[in-house]
Amino acid sequence: ATACWEHVCSDRALGMKPTILIVDDEPMLLELFQEALSADYEVMVTKSIDHAIAWLQVQAADAVVTDLNCGEDGNGLDLLRWVQAHRPGLLHSSFILSGADDPDTEGIEVPVICKPVDLGRLRNTFACLLGMPGHLGESI
């Protein structure tokens with residue numbers, strides 16, 4: 001995890017925004033998240049678990065957010081299992097979005113934010129996970 005945090009801190013020292021990868025099968029939500037977060041973060045969005053994994057194989061991310069159920073393309077847990085196996089430090093700055101009240105994360109220990117998503121809470125979660133200014137101290 002130290003290397004991940006060093007990477008984030010060194011990028012900020014260079015004036016670079018942290019990069020967030022968001023995966024959801026609802027295009028309107030992806031657009032909303034991108035608009036709401038792009039002032040503070042580089043936001044990459046996709047509705048495909050396969051595209052997210054392909055992107056992470058060649059690009060760095062500081063945080064990953066995935067919908068639990070991405071329709072026909074798969075399950076957000078598949079993406080988080082890939083992250084756990086190939087980029088374990090990134091799992092500590094990842095979380096799940098879910099429409100279920102008490103989703104089964106199958107033992108993957110990441111925060112879960114229930115839909116509908118409050119944009120203030122979403123911003124606060126990223127600030128907390130990435131150590132950014134603006135963190136209000138709200139638990140996730």
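Yes or no: D50 farther than 21 Å from N124 by Cα, open to solvent by 80 Å² or more (accessible area, probe 1.4 Å) and among the acidic types (D, E)? Give the steps one after another, and end with the answer.
Values: farther than 21 Å from N124 by Cα: yes; open to solvent by 80 Å² or more (accessible area, probe 1.4 Å): yes; among the acidic types (D, E): yes.
When the stated conditions are applied, D50 passes them.
Taking region 101-120 only, how many residues are among the aliphatic types (A, V, I, L, M) and out of contact with any Leu (no Cβ under 7 Å at 6 or more places or on another chain)? Give the steps one after another, and end with the answer.
Going through region 101-120, the residues among the aliphatic types (A, V, I, L, M) turn out to be 108, 110, 112-113, 117, 119.
Filter again for out of contact with any Leu (no Cβ under 7 Å at 6 or more places or on another chain), leaving 112, 119.
So the count comes out to 2.
Please count how many residues of region 15-64 are without any contact (Cβ under 8 Å) to a residue 12 or more places away in the chain and among the small types (G, A, S).
Of the residues in region 15-64, 4 are without any contact (Cβ under 8 Å) to a residue 12 or more places away in the chain and among the small types (G, A, S).
May I ask you to list the residues in region 30-54 that are under 20 Å from C114 (Cα atoms), part of a helix (DSSP H, G or I) and not charged (D, E, K, R)?
L30, L32, F33, Q34, A36, L37, I49
Based on what the data block shows, is A127 closer than 18 Å to P18 by Cβ, part of a loop (DSSP other than H, G, I, E, B) and open to solvent by less than 70 Å² (accessible area, probe 1.4 Å)?
Details: closer than 18 Å to P18 by Cβ: yes; part of a loop (DSSP other than H, G, I, E, B): no; open to solvent by less than 70 Å² (accessible area, probe 1.4 Å): yes.
When the stated conditions are applied, A127 does not pass them.
Select from region 113-124 the residues that are within 13 Å of the chain's Cα centre (by Cα) and open to solvent by 10 Å² or more (accessible area, probe 1.4 Å) and list them in ascending order. Please lay out each step first, then the result.
Keep residues of region 113-124 that are within 13 Å of the chain's Cα centre (by Cα), which gives 113, 122-124.
Residue satisfying the conditions is R123 alone.
What residue, among those in region 96-110 that are touching a helix residue (DSSP H, G or I) at 6+ places or on another chain (Cβ under 7 Å) and under 16 Å from I22 (Cα atoms), is most open to solvent (accessible area, probe 1.4 Å)?
V110
Could you look through region 55-95, keep only residues that are assigned to a loop (DSSP other than H, G, I, E, B) and not aliphatic (A, V, I, L, M), and pick out the one that is surrounded by the fewest Cβ atoms within 10 Å (Cβ to Cβ)?
Step one: list which residues in region 55-95 are assigned to a loop (DSSP other than H, G, I, E, B), which gives 59-62, 68, 70, 74, 87.
Add one more test, that the residue is not aliphatic (A, V, I, L, M), and what stays is 59, 62, 70, 74, 87.
Working: Q59: 10, D62: 25, C70: 22, G74: 18, R87: 16.
Step by step, filter region 55-95, then rank; the result is Q59.
The values are calculated or read from the model by the stated rules, or taken from the named source; none is laboratory data. Because the structure is a prediction, the values reported are computed rather than measured. No Cβ is skipped: glycine too gets one built from the backbone with ideal geometry, and neighbour counts run over all protein chains shown. When the accessible area is computed, the model is the full protein with side chains, heavy atoms only, and any ligands, DNA or RNA have been set aside. Shrake-Rupley method; radii C 1.70, N 1.55, O 1.52, S 1.80 Å.
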